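Structure record follows, encoded as structure tokens.
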Amino acid sequence: MKVEILYFDGCPTYVAAEEAVREALAEEGIEAGVEMVAVNTDEEAQKLRFPGSPTIRVDGRDLFPVPGRAEYALGCRMYATPEGLKGSPTAEMLKEALTKEGAAHAQNDR
């Protein structure tokens with residue numbers, strides 16, 4: 001399983017998202033490295049189909065997909081959490097999404 005966190009330096013929430021992802025992986029017993037992917041230009045954002053910072057992907061799939069959009073650019077991303085809009089998903093949201101991805105990953109390995 002390949003976990004990536006796409007971010008840009010101007011967004012303050014990616015550090016908390018990285019900590020939450022690492023914690024969720026450990027709590028769920030999922031062995032996976034976390035790669036930080038800096039997105040520095042609007043051109044890179046378009047190429048990577050970057051909906052905002054932080055974006056958490058597992059095996060190239062966004063854990064929290066957003067509807068298709070015509071343009072991608074540097075910007076902070078908002079997540080609908082039980083506590084309202086936040087700059088990163090909650091630990092519970094991450095654990096649930098990672099568990100689903102882990103199960104799908106295990107099934108694809110059969």
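The values are calculated or read from the model by the stated rules, or taken from the named source; none is laboratory data. Owing to the predicted nature of the structure, the values given are computational and were not obtained by experimental measurement. Here the Cβ positions follow ideal geometry from the backbone for every residue, glycine too, while neighbour counts run over all protein chains shown.
Before moving on, here are some points about what is shown:
- Evaluation of residue 75 against (1) under 13 Å from residue 24 (Cα atoms); (2) in contact (Cβ under 8 Å) with a residue 60 or more places away in the chain (one fails), failing number: (1)
- Of residues in the stretch 30-61 being assigned to a helix (DSSP H, G or I) and in contact (Cβ under 8 Å) with a residue 12 or more places away in the chain, the one farthest from the chain's Cα centre (by Cα): 42
- The set of residues in the stretch 28-69 that are modelled with pLDDT of 90 or more, surrounded by fewer than 14 Cβ atoms within 10 Å (Cβ to Cβ) and among the acidic types (Asp, Glu) comprises 35, 43, 59.
- Tally of residues being at pLDDT 90 or above and loosely packed, with under 13 Cβ neighbours inside 10 Å across the stretch 70-92: 6
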